[in-house]
1. Name the residues in segment 217-255 that are under 16 Å from residue 202 (Cβ atoms), in contact with a strand residue (DSSP E or B) (Cβ under 6 Å, 6 or more places away or on another chain) and in a loop (DSSP other than H, G, I, E, B), would you?
2. For segment 74-96, give me the residue count where each residue is within 24 Å of residue 8 (Cβ to Cβ) and under 17 Å from the mean Cα position of the chain (by Cα).
3. Suppose we filter segment 171-195 for residues that are farther than 22 Å from residue 248 by Cα and surrounded by fewer than 23 Cβ atoms within 10 Å (Cβ to Cβ); how many remain?
4. If you take the residues of segment 10-28 that are out of contact with any helix residue (DSSP H, G or I) (no Cβ under 9 Å at 6 or more places or on another chain) and not in a strand (DSSP E or B), which of them is modelled with the lowest pLDDT?
5. Would you tally the residues in segment 63-100 being within 27 Å of residue 129 (Cβ to Cβ) and not in a helix (DSSP H, G or I)?
6. Quick one: how many residues across segment 29-48 are part of a loop (DSSP other than H, G, I, E, B), more than 24 Å from residue 95 (Cα to Cα) and in contact (Cβ under 8 Å) with a residue 12 or more places away in the chain?
């Protein structure tokens, strides 16, 4: 299983940190996890087109994790006018994922999806099978601007390889279960030690979750400018005995 980090950033503009997105390549499939601002550019940098994707998973609908999805969908929709056959991904997400696309199309004054059935949408179930890959979705706690988000952590299993992704979350049972005994855990590292919130983990939380869940390796992501000069890795390792890596855009990981 190969994971390419496409974006380690957030809403903040940063040449070195695109919005959250991760590409999984396994079992002859390409799976995009989240689709934040800059995702299409990062995909193009590694030679992946929208029609190359087999599946897309959104951890939640916040725009820093989903803003490039509509552009990606339009890349596919406009191929209708080229008269060529093309593949479309199956898009998984929280409840209302298909309606999310249709409502956005009207907000953007591009109602292109009302009678377009080539893209299939599926709402999360506890267990989803993608050929030999098993995907599990775990509800997590993430509240922003006083609104509790319908957010999920995701777990991908293939043979003995386990990859877990926190999405945006605080320390909660869903997150602990999602990354249990994972070989690789890519985790929201928005906040430094003792600076967590109802929206995001802090580094103490990350260390405790990873240690409790017996994770092999932790990769930090979702960086805010406020933590730029803070040693987040050392803070996580105060509570966690495994390897901790600062994620970077276009970093490739194998498990």
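The values are calculated or read from the model by the stated rules, or taken from the named source; none is laboratory data. For clarity, every value in this text was computed on a predicted model and none was experimentally measured. Heads up, the Cβs are rebuilt from the backbone with ideal geometry, glycines too, and the neighbour counts pull from every protein chain shown.
1. Passing the criteria: only 222.
2. Result for segment 74-96: 5.
3. As a first pass, look at segment 171-195 and keep what is farther than 22 Å from residue 248 by Cα: 171-178, 180-181, 194-195.
If we keep only those that are surrounded by fewer than 23 Cβ atoms within 10 Å (Cβ to Cβ) as well, we get 171-174, 176-177, 180-181, 194-195.
Looking only at that region, the number is 10.
4. As a first pass, look at segment 10-28 and keep what is out of contact with any helix residue (DSSP H, G or I) (no Cβ under 9 Å at 6 or more places or on another chain): 13, 15-17, 22, 24-28.
Right, trim to not in a strand (DSSP E or B) and you get 13, 15-17, 27-28.
On the way: 13: 88, 15: 91, 16: 94, 17: 97, 27: 97, 28: 97.
Among those that are out of contact with any helix residue (DSSP H, G or I) (no Cβ under 9 Å at 6 or more places or on another chain) and not in a strand (DSSP E or B), it is 13.
5. 13
6. Of the residues in segment 29-48, the ones part of a loop (DSSP other than H, G, I, E, B) are 34-38, 46-48.
From the residues that got through so far, the ones that are more than 24 Å from residue 95 (Cα to Cα) too are 38, 46-48.
Then keep just the ones that are in contact (Cβ under 8 Å) with a residue 12 or more places away in the chain; that gives 38, 46, 48.
The total comes to 3.
Conditions tested, residue by residue: (1) touching a helix residue (DSSP H, G or I) at 6+ places or on another chain (Cβ under 6 Å); (2) buried (at least 16 other Cβ atoms within 10 Å of the Cβ); (3) farther than 27 Å from residue 178 by Cα; (4) at pLDDT below 95.
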{"position": "86", "(1), (2), (3), (4)": "yes, no, yes, yes"}
{"position": "91", "(1), (2), (3), (4)": "no, yes, no, no"}
{"position": "94", "(1), (2), (3), (4)": "no, yes, no, no"}
{"position": "97", "(1), (2), (3), (4)": "no, yes, no, no"}
{"position": "107", "(1), (2), (3), (4)": "no, no, yes, no"}
{"position": "113", "(1), (2), (3), (4)": "yes, yes, yes, yes"}
{"position": "117", "(1), (2), (3), (4)": "no, no, yes, yes"}
{"position": "120", "(1), (2), (3), (4)": "no, no, no, no"}
{"position": "124", "(1), (2), (3), (4)": "no, yes, no, no"}
